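In what follows, a structure is listed as C-alpha cells, so that the remarks can point back to it.
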Amino acid sequence: MRAPGTFKALGIGLLSGLVAALAMTVVMLVLRLLAGIPLVAELGGDRFLPFVGVSDFLDLLGRFGGPIGAKRFALISSFEGILLTGVLVGALYALVAERGRLANSRRFNVTRRGGLFAVVVVAAIWVVSLALFSGVGWPWNVLSASFLGLPPVWASITTALGLLISYASYGVVLVATYGAITGRRSLQRPTPPGIPVGRRAFLAGGGVVILALASDWLTGRLVSRSVLPYDGMEYLGSDIQPITPNDQFYVVTKSIIDPRVKKGLWRLSIGGMVEEPRTYSFEELSSLPSVEQEMTLECISNPIGGGLMSNAIWEGVRLRDMIEAARPQSGVEDVLFQAADGYAHTASPEVLTDPNALIAYRMNGEPLPDRHGYPVRALVPGYYGEASVKWLTRIELLDQDTKRYYAIQGWEAKGVAISSRFYAPDFGQVTPRVGMNIPLRGIAFSGAQGISMVKVSTDGGQSWQQAEITYTPNSEVAWVHWRYNWQPGSVGESRLIVRATDGNGNLQTSEGSSINPDGATGRQQITVNVEA
Ligand SMILES: Nc1nc2c(c(=O)[nH]1)N[C@H]1C(S)=C(S)[C@@H](COP(=O)(O)O)O[C@H]1N2
Ligand SMILES: [Mo]
C-alpha cells in the first residue's frame with residue numbers, strides 16, 4: 001500500500017543526496033583552493049599510506065603505472081566515493097523523513113525526524129572523521145596539514161572546521177532539496193498543490209548539472225596545480241651540471257597537490273625537549289646569521305644510474321644555531337621535522353650538532369621554489385632526501401625513537417650508500433670505435449663523507465683506472481664530477497663500470513640490492529659495442 005509513495009520518496013532521496021553531495025564537493029574544493037584545507041583523499045592518504053609496507057607500496061604504485069597514476073586515481077575515486085555515500089545517505093534520509101511525515105504530516109517541508117536524522121548523520125560523520133584523522137588513539141595527527149602553511153595547531157583547527165562546514169553543507173542542502181521537491185504534503189496524496197513533484201525534481205536535476213559543472217571546473221583548477229606534471233622528475237641526460245638549475249632539480253613529493261605556503265601565515269616552531277620553545281616568522285628567520293652551503297640530495301628510491309639526485313647551493317640558518325638558542329634538554333633521542341603537507345620525518349640527535357644541517361630558504365640564489373619547499377626546508381646531510389623535509393613548519397625534540405610516513409612504510413636507511421654513475425657520452429648518439437678518444441663522465445656521491453677517489457673499468461671489472469675529479473664541491477655533503485678518457489683498444493663488447501671511494505676510504509660495494517627498502521646499492525655497468 002505504501003509502496004508507491006516509498007519508491008517516489010526513495011527516488012527523491014537519491015536525487016537530493018546527489019545534489020547535496022555535489023554541493024559538498026564544491027565546498028570542499030573551494031576550501032582546498034582558497035584555504036588550503038586538505039581534501040578527504042589527502043587526509044586518508046596521510047593516515048593510511050604510512051601503514052602500507054614498502055613492497056606493497058611499490059606494488060600499489062605499479063598497478064597504477066607509477067605515483068602519478070595512483071595519485072590521479074586517489075583523487076577521482078575519493079570524489080566518486082563521496083558521491084556514492086551522499087546518494088545512499090540521501091535515500092536513507094528519505095525513508096526516515098517520510099516516516100516522520102506520516103506521523104505528523106503537513107507541518108513543514110522538513111519533518112522533525114528527518115531534520116534530526118540529518119543533524120545526527122552530519123555530527124556522526126564529523127566525529128568519526130576527527131577520530132580517524134586526529135592524533136587521538138593514533139601515533140600522530142594528520143589534521144595538522146595546511147597547504148597554506150598554517151602552524152600545526154591552527155591547521156588542525158581549520159581542518160576540523162573545514163570538515164564540519166563541508167559535512168554541514170551536505171546536510172543543509174540535502175534537507176532543503178528534499179523539502180523543496182516534495183513540498184509540504186505527503187507523497188501519497190495524489191495531487192499536492194503547487195508545482196508538481198516531477199517538475200521540481202526536474203529543476204533539482206538542473207541543480208545537479210550546474211553543481212557537477214562547478215565541481216568539474218574546480219577540480220580542473222586543482223589538477224592544474226597538482227604534482228602530476230612534475231612528481232618524480234629526474235635530473236638526467238648527458239649534460240649534468242655541477243650545480244643543478246632549480247627548474248631541473250629532481251622532485252619527489254608524497255602529495256597530490258603540493259603546498260602553496262603564504263609566507264605571512266607561515267611560522268617555524270621549535271619545541272619538545274627544549275627550555276625555550278621558539279616560533280619564528282619568515283622575517284625573523286631570515287634576519288638570523290646565515291650561511292651558504294652546497295648539498296646534494298638523493299631520493300632513497302633512486303635506482304643505480306638513476307636521476308633522482310641533484311645538487312644545489314643552499315642558503316639558510318644552521319640548525320645547530322637555532323637549536324642552541326632554544327636550549328635543548330638532555331635525553332633527546334630523536335628529532336622530528338614536520339611539514340605543511342602533513343609529511344614528517346625524523347633524524348637521530350647528531351643532526352642537532354651537525355654543522356652541515358641547514359634550515360634553508362634560498363636555493364641557488366633564489367627563494368626556494370614552491371615544489372622544493374617554499375618558504376623553508378630542512379637539509380639533513382648523510383640521509384636520503386626523505387629527511388630533508390620541505391615546507392617545514394615545526395622541529396620537535398623527542399625523548400624516544402619515532403617514525404613517520406616513509407620510515408613507517410620501511411624506507412629508513414640510516415645512511416646514504418656510496419654511489420657513482422656515468423652521464424656522458426650518450427651512447428645512443430656516440431658509437432665507440434677503436435682508437436677513438438671517448439671522455440667518460442659522471443658523478444659520485446657518498447652522503448656526508450665526500451669522495452676521495454673514482455675508478456673506472458672498461459673491461460667488466462678486470463682492471464681499474466683512476467678517473468680525474470673535474471668538479472670538487474665546497475662541502476663534504478655534495479657530489480663530485482669525474483672524467484676518464486677511454487680509448488677502446490679492440491672491437492667487440494666492452495663493459496664499463498664505475499666505483500667510488502668516500503672520504504673515509506670506504507669503497508662503493510659491488511653487491512647489488514634494489515631500492516627496497518634501504519636504497520639501491522651496487523655499481524652501474526654499461527655494455528657498449530666497439531666498432532672498427
Ligand atoms: N614536506 C615534504 N617534504 C619532503 C617530501 C614530501 O613529500 N613532503 N618528500 C621527501 C623526499 S622522499 C625527497 S627525496 C625529497 C625531495 O626533495 P626535492 O623534491 O626538493 O628534490 O624531499 C623530501 N621532503
Ligand atoms: Mo625520496
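Every number here is computed from the coordinates shown, using simple stated rules; none is lab data. Because the structure is predicted, anything quoted here is derived from the model rather than measured. Counting neighbours? That spans all protein chains shown, and the Cβs are built from the backbone with ideal geometry, glycine included.
In this structure, is Ala360 farther than 23 Å from Trp411 by Cα and surrounded by 24 or more Cβ atoms within 10 Å (Cβ to Cβ)? First the steps, then the outcome.
On the way: farther than 23 Å from Trp411 by Cα: yes; surrounded by 24 or more Cβ atoms within 10 Å (Cβ to Cβ): yes.
When the stated conditions are applied, Ala360 passes them.
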Q: Taking Leu319 as meeting all but one of (1) surrounded by 24 or more Cβ atoms within 10 Å (Cβ to Cβ); (2) within 13 Å of ligand 1 (Cβ to nearest atom), write down the number of the exception.
A: (2)
Q. Right, Arg260: within 15 Å of ligand 1 (Cβ to nearest atom) and either of a type outside the set (Phe, Trp, Tyr) or surrounded by fewer than 19 Cβ atoms within 10 Å (Cβ to Cβ) (or both) or not?
A. yes
Q: Can you run down the residue pairs with Cβ atoms below 8 Å, 6 or more apart or on separate chains, where the first is in the stretch 286-299 and within 16 Å of ligand 1 (Cβ to nearest atom) and the partner is among the hydroxyl-bearing types (Ser, Thr, Tyr) and not in a strand (DSSP E or B)?
A: Gln293/Ser475; Glu294/Ser475; Met295/Ser475; Leu297/Tyr250; Leu297/Ser388; Glu298/Tyr384; Cys299/Tyr250; Cys299/Tyr384
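Looking at the stretch 401-412, which of the residues that are more than 11 Å from ligand 2 (Cβ to nearest atom) and assigned to a loop (DSSP other than H, G, I, E, B) is surrounded by the fewest Cβ atoms within 10 Å (Cβ to Cβ)? Full working, then the answer.
Our first condition is that a residue be more than 11 Å from ligand 2 (Cβ to nearest atom); within the stretch 401-412, this holds for 401-404, 407-410, 412.
This time we only want the ones that are assigned to a loop (DSSP other than H, G, I, E, B), so: 401-404, 410, 412.
On the way: Asp401: 9, Thr402: 18, Lys403: 18, Arg404: 22, Gly410: 17, Glu412: 20.
Going through the qualifying residues, I end up with Asp401.
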Q) Somewhere in the stretch 505-520, is a residue under 23 Å from Asp239 (Cα atoms), of a type in the set (A, V, I, L, M, F, W, C) and part of a strand (DSSP E or B)? A) no
Q | Matching residues in the stretch 371-389 - criterion: being farther than 20 Å from Gln409 by Cβ and either over 16 Å from the mean Cα position of the chain (by Cα) or more than 8 Å from ligand 1 (Cβ to nearest atom) (or both) | A | Tyr374, Pro375, Val376, Leu379, Pro381, Gly382
(Q) Out of everything in the stretch 419-462 that is under 16 Å from Gly522 (Cβ atoms) and aromatic (Phe, Trp, Tyr), what residue ends up being surrounded by the most Cβ atoms within 10 Å (Cβ to Cβ)? (A) Phe445
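Name the helices (runs of 4 or more DSSP H) wholly within the stretch 1-70 that hold at least 1 residues that are surrounded by fewer than 21 Cβ atoms within 10 Å (Cβ to Cβ) and more than 15 Å from the chain's Cα centre (by Cα)?
On the way: elements: 3-35, 40-48, 54-63.
Helices (runs of 4 or more DSSP H) meeting the threshold: 3-35, 54-63.
Yes/no matrix, rows are residues, columns are (1) closer than 30 Å to Arg441 by Cα; (2) within 16 Å of ligand 2 (Cβ to nearest atom); (3) of a type outside the set (S, T, N, Q):
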residue: Ser287; (1), (2), (3): no, no, no
residue: Val291; (1), (2), (3): no, no, yes
residue: Gln338; (1), (2), (3): no, no, no
residue: Thr353; (1), (2), (3): no, no, no
residue: Asn356; (1), (2), (3): yes, no, no
residue: Glu366; (1), (2), (3): yes, no, yes
residue: Gly373; (1), (2), (3): no, yes, yes
residue: Leu379; (1), (2), (3): yes, yes, yes
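If you go through the stretch 323-332 one residue at a time, how many are of a type outside the set (Ser, Thr, Tyr) and either part of a loop (DSSP other than H, G, I, E, B) or within 16 Å of ligand 2 (Cβ to nearest atom) (or both)? Quick ask: steps written out before the conclusion?
We begin by selecting, within the stretch 323-332, every residue of a type outside the set (Ser, Thr, Tyr); these are 323-329, 331-332.
Pick out the ones that are also either part of a loop (DSSP other than H, G, I, E, B) or within 16 Å of ligand 2 (Cβ to nearest atom) (or both) and you get 327, 329, 331-332.
Final tally of qualifying residues: 4.
Answer yes if at least one residue in the stretch 464-472 is among the hydroxyl-bearing types (Ser, Thr, Tyr), crowded, with 18+ Cβ neighbours inside 10 Å and away from ligand 1 (no atom under 14 Å from the Cβ), and no otherwise. Working first, answer last.
Quick first cut of the stretch 464-472, residues among the hydroxyl-bearing types (Ser, Thr, Tyr) only: 470-472.
Those left that are additionally crowded, with 18+ Cβ neighbours inside 10 Å: none.
No, the stretch 464-472 contains no residue that is among the hydroxyl-bearing types (Ser, Thr, Tyr), crowded, with 18+ Cβ neighbours inside 10 Å and away from ligand 1 (no atom under 14 Å from the Cβ).
Evaluate the stretch 410-432: report whether one residue or more is among the aromatic types (Phe, Trp, Tyr) and within 16 Å of ligand 1 (Cβ to nearest atom). Step through it out loud before you land on a result.
Start the filter on the stretch 410-432 by keeping residues that are among the aromatic types (Phe, Trp, Tyr), which leaves 411, 422-423, 427.
Next cut, within 16 Å of ligand 1 (Cβ to nearest atom) only: 411.
Taking every residue of the stretch 410-432 in turn, at least one turns out to be among the aromatic types (Phe, Trp, Tyr) and within 16 Å of ligand 1 (Cβ to nearest atom).
Rundown of residues vs (1) of a type in the set (A, V, I, L, M); (2) farther than 30 Å from Arg483 by Cβ, yes/no style:
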residue: Arg200; (1), (2): no, yes
residue: Gly205; (1), (2): no, yes
residue: Leu211; (1), (2): yes, yes
residue: Asp216; (1), (2): no, yes
residue: Thr219; (1), (2): no, yes
residue: Leu228; (1), (2): yes, yes
residue: Gly232; (1), (2): no, no
residue: Leu236; (1), (2): yes, no
residue: Pro245; (1), (2): no, no
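Can you name the residue in the stretch 333-349 that is assigned to a loop (DSSP other than H, G, I, E, B) and within 12 Å of ligand 1 (Cβ to nearest atom) and, of all such residues, is surrounded by the fewest Cβ atoms within 10 Å (Cβ to Cβ)? Walk me through it before giving the result.
Keep residues of the stretch 333-349 that are assigned to a loop (DSSP other than H, G, I, E, B), which gives 333, 340-343, 348.
Restricting the remaining residues to those that are within 12 Å of ligand 1 (Cβ to nearest atom) gives 340-343.
On the way: Ala340: 33, Asp341: 27, Gly342: 30, Tyr343: 22.
The extreme case among them is Tyr343.
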